[in-house]
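Here's the structure, in structure tokens; my notes come after.
The values are calculated or read from the model by the stated rules, or taken from the named source; none is laboratory data. This one's a predicted model, so the numbers in the text were calculated from it and none came from an experiment. All Cβ positions, even for glycine, are placed from backbone atoms using ideal geometry, and neighbour counts span all protein chains on display.
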Amino acid sequence: MRVNIKPPNRQFYDERCKAARDRFKHADIMPPFLVTYMCYSVMHRALGGNVKILRYVLSQIVSNAWSDYRNRLWWTWHLYIRCSTRDEIQELIDQQLEELTGEDEREWPDVVTIEEEVKR
């Protein structure tokens, strides 16, 4: 579903991107409308017109919506159809949270090893 739009003049596109990068170094002190206009002007020159900008933006919106829909559909099927118990669902949710945050929030049971029993 992703559309690759090639600029009509690659060298001109690269020059515009370099000029935009140089200007964006100072974007934190610029007003938002100026930053927006700079983005628009680079896309207008690179893609060759308003119609191609509109087509590119709409294709990105559709691509993001389709990706979100596929992700939600997969998780719904995986969690509520494939898994048979609430414990399996909770385990998968905990694993996903651990991947995102890097912290394990699950409560692990206290395991007593043989070495600890000998010391007591």
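Tabulated data for the structure shown
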| item | result |
| --- | --- |
| Pick from segment 62-76, criterion surrounded by 13 or more Cβ atoms within 10 Å (Cβ to Cβ) and either under 23 Å from GLN11 (Cα atoms) or not β-branched (Val, Ile, Thr) (or both), ranking: modelled with the highest pLDDT | SER63 |
| Leading residue by the ranking (nearest to LYS25 (Cα to Cα)) among those in segment 36-54 that are in contact with a helix residue (DSSP H, G or I) (Cβ under 7 Å, 6 or more places away or on another chain) and among the hydrophobic types (A, V, I, L, M, F, W, C) | MET38 |
| Of residues in segment 39-48 being crowded, with 18+ Cβ neighbours inside 10 Å and closer than 12 Å to ALA20 by Cα, the one farthest from the chain's Cα centre (by Cα) | ARG45 |
| Residue in segment 49-61 that is exposed (fewer than 13 other Cβ atoms within 10 Å of the Cβ), touching a residue at least 12 places away in the same chain (Cβ under 8 Å) and more than 30 Å from GLN96 (Cβ to Cβ) present | no |
